[in-house]
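S.K.: Take this structure, written in structure tokens, and hold onto it; I'll ask about it next.
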Amino acid sequence: MTIAVPTIGERLCFRRQKRRLSQLDLACEAEISTRHLSFLETGRAAPSRDMVLRLAEGLGVPLRERNALLLAAGFAPVFPERPLDDPGLEAEKIAVEALLEAHMPFPALAIDRRWTMLTHNASAGLLMDGVDPKLLEGPVNVLRLSLHPDGVARRIANLAELRGHILSRLRRELADNGDAGLADLIRELSAYPGGEAHPRGGEGMIAVPLRLNTPAGELSFLTTTMTFGGALDVTVPELTIETFLPANPQTAAALRAATGR
């Protein structure tokens, strides 16, 4: 069976409709005529390299997808993709390490777009106490590590609630980008035991906490994320710093005691 590959026009039209923009909206943003945009979307005209980049900018398309749009139009990608330990990303790597260290004594880690853990600070190791060592071999997926029955899951006091929040978030991400790898991860995580409760509302909660059973008692965390702006490398805007903030004074005190800070 032959699978039809979307043309550059079809890709642009799909992105525009996903953003709920009219042809007039995008044409004004890209400073071209609506007629010309219509011709590009229907294949009656072929976009130049600069036009692809201009429309991608108007659509707010991530750098990875901008490369895909260029390829669909017959052009070479322009945004490089390098691992974080590449010499060309030395400044970004130093910034990541500084952020993780500055967050001590609270846990923090850096992950990529597939939730693979790239690095973490010393306090993040406290979250991983007692997990099956096999889950820490090779590239570590933090969601697999969290929800696997031999991972952090067996210490999570509100597992069903947290699991429901994570899967809901992943499904929204999948709807946005259609990443096949993300779809596989969702299927895997959904097969793990633990239930999938909807977060409670109307109880004064501002976010779903991570409530973790430890020898020091139950610790409660709120998570925040940080991303880089203004990047011209595919890797950097897909890099996320995930931080765990104490949700109560008892958790903060326990972390300070455990780390000596």
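S.K.: Yes or no: L37 crowded, with 17+ Cβ neighbours inside 10 Å and within 24 Å of D233 (Cβ to Cβ)?
M.R.: Details: crowded, with 17+ Cβ neighbours inside 10 Å: yes; within 24 Å of D233 (Cβ to Cβ): no.
Judged against the criteria, L37 is not a match.
S.K.: Mind telling me which of the residues L135, L189, L159, L147 ends up being touching a residue at least 24 places away in the same chain (Cβ under 8 Å), among the aliphatic types (A, V, I, L, M) and farther than 17 Å from T214 by Cα? Step through it out loud before you land on a result.
M.R.: Numbers: L135 fails: touching a residue at least 24 places away in the same chain (Cβ under 8 Å); L159 fails: farther than 17 Å from T214 by Cα; L147 fails: farther than 17 Å from T214 by Cα.
It is L189.
S.K.: A further question on this structure: When the stretch 218-248 is examined, which residues are found to be free of Cβ contacts under 8 Å to residues at least 40 places away in the same chain and farther than 17 Å from L143 by Cα? Please lay out each step first, then the result.
M.R.: Narrowing the stretch 218-248 to residues free of Cβ contacts under 8 Å to residues at least 40 places away in the same chain: 219-220, 222-225, 227, 229-230, 247-248.
Across the stretch 218-248, the qualifying residues are L219, S220, T227, G229, G230, A247, N248.
S.K.: Another one. Suppose the filter is closer than 19 Å to A102 by Cα, at pLDDT 95 or above and polar (S, T, N, Q); does T225 pass it? Please lay out each step first, then the result.
M.R.: Values: closer than 19 Å to A102 by Cα: yes; at pLDDT 95 or above: no; polar (S, T, N, Q): yes.
When the stated conditions are applied, T225 does not pass them.
S.K.: If we scan the stretch 39-56, do we find a residue that is part of a helix (DSSP H, G or I) and under 18 Å from D176 (Cβ atoms)?
M.R.: Narrowing the stretch 39-56 to residues part of a helix (DSSP H, G or I): 39-42, 49-56.
Pick out the ones that are also under 18 Å from D176 (Cβ atoms) and you get 56.
The answer is yes, given that some residue of the stretch 39-56 is part of a helix (DSSP H, G or I) and under 18 Å from D176 (Cβ atoms).
S.K.: Kindly establish whether E90 is surrounded by 12 or more Cβ atoms within 10 Å (Cβ to Cβ), farther than 30 Å from A247 by Cβ and not aromatic (F, W, Y).
M.R.: No; evaluated as a whole, the condition is false for this residue.
S.K.: Confirm whether R19 is in contact with a Gly (Cβ under 8 Å, 6 or more places away or on another chain) and within 20 Å of D176 (Cβ to Cβ). Break it down into steps so the answer makes sense when it comes.
M.R.: Values: in contact with a Gly (Cβ under 8 Å, 6 or more places away or on another chain): yes; within 20 Å of D176 (Cβ to Cβ): yes.
Taking the combined requirement at face value, the residue satisfies it.
S.K.: From E31, E65, E81, grab the single residue that is more than 30 Å from R114 (Cα to Cα) and of a type in the set (D, E).
M.R.: On the way: E65 fails: more than 30 Å from R114 (Cα to Cα); E81 fails: more than 30 Å from R114 (Cα to Cα).
Testing whether each residue is more than 30 Å from R114 (Cα to Cα) and of a type in the set (D, E) leaves just E31.
S.K.: Just checking, which of A73, A98 is hydrophobic (A, V, I, L, M, F, W, C) and surrounded by 15 or more Cβ atoms within 10 Å (Cβ to Cβ)?
M.R.: Numbers: A98 fails: surrounded by 15 or more Cβ atoms within 10 Å (Cβ to Cβ).
That would be A73, the only listed residue that is hydrophobic (A, V, I, L, M, F, W, C) and surrounded by 15 or more Cβ atoms within 10 Å (Cβ to Cβ).
S.K.: Give the number of residues within the stretch 246-261 that are crowded, with 17+ Cβ neighbours inside 10 Å and within 28 Å of the chain's Cα centre (by Cα).
M.R.: 4
S.K.: If you go through the stretch 3-17, how many residues are free of Cβ contacts under 8 Å to residues at least 40 places away in the same chain and assigned to a helix (DSSP H, G or I)?
M.R.: Final tally of qualifying residues: 5.
S.K.: Also: Identify the single condition in (1) at pLDDT 95 or above; (2) in the same structural domain as I32 (by TED's automatic domain parsing); (3) closer than 27 Å to T243 by Cβ that A98 does not satisfy, given that it satisfies every other one.
M.R.: (2)
S.K.: What number goes with the only condition from (1) farther than 20 Å from G164 by Cα; (2) surrounded by 14 or more Cβ atoms within 10 Å (Cβ to Cβ) that L210 does not pass?
M.R.: Failing condition for L210: (1).
The values are calculated or read from the model by the stated rules, or taken from the named source; none is laboratory data. For clarity, every value in this text was computed on a predicted model and none was experimentally measured. Every residue, glycine as well, gets a Cβ built from its backbone with ideal geometry; the counts of neighbours run over all protein chains shown.
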